[in-house]
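Read the structure below first, then the notes.
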Amino acid sequence: MLFVLGSMAPSLAEAETLRVEDAMKERVRACTACHGKEGVATNQGYFPRIAGKPAAYLYNQLRHFREGRRQNPAMRHLLAHMSDAYLMDMAQYFSALELPYPPPEPTTVTPRLLARGEQLVRQGDKQRDIPACTACHGAAMTGRLPATPGLLGLPRDYVVAQIGAWRTGSRHADAPDCMAHVARRLSQDDIHAVSQWLAAQPVPSIGHPAAPGRQTTGIACKGDTH
């Protein structure tokens, strides 16, 4: 019996891993208060899911909040004294979480509006210099490594608010800021259509981001968007 119990005990390396994981859960407790247990949030309300997002994307956004490129007083206060290394630890922790997505919420908008949203997402609008969302965010809209997030499984209100922030300049990224270029070309009707279509789509499987690839927007872009 003693042999059996001893064989079931974790090794020193496994015990150390468990201690690190438990410590991270405590360190990110302030994050999960808004973003949901393990960062999964929901597809309702406002706060976005952060679990499973590319680590480089999460790290960039934490820096942007800390340095004021994204406007959120609570986030800036929380991150004000955190080092880059600490922010990367947080980003890697949430990025490694592989958790299922909830089904999309039913939509009540017209099929015509959804079709317009899908057209903008998949094809863009060349006459107005609006690239397809899939050009950067991947054909499945689950993001692209190393730093472009997925757009599925997000609350509709969050998508609307972020595009609006890009349009007004209250949110921006390191230059070249491709999302600012795109957002300024979208009308309110475009934003409504895109956000409704995205919110109505199921997330395939775990929603892994696509492998790195050449973006095809025609706009120089760093990829740390949304």
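Every read-out reported here was derived from the displayed coordinates using simple, explicitly stated rules and does not represent laboratory data. Predicted model, so just to flag it, every value in this text is computed and none were measured. Cβ sites come from the backbone with ideal geometry, for glycine too, and all protein chains shown count toward neighbours.
A few notes on this one:
- At q = 0.09, 0.11, 0.15 Å⁻¹, base-10 log of I(q)/I(0) for segment 2-199 (Debye sum, equal scatterers on each alpha carbon): -0.40, -0.57, -0.97
- Restricting the chymotrypsin sites (Phe, Trp or Tyr not before Pro) of segment 41-81 to loop positions (DSSP other than H, G, I, E, B) with no more than 14 neighbouring Cβ atoms within 10 Å leaves Y46.
- Per-residue Cβ neighbour counts within 10 Å put E26, E67 in the sequence E26, E67, beginning with the fewest.
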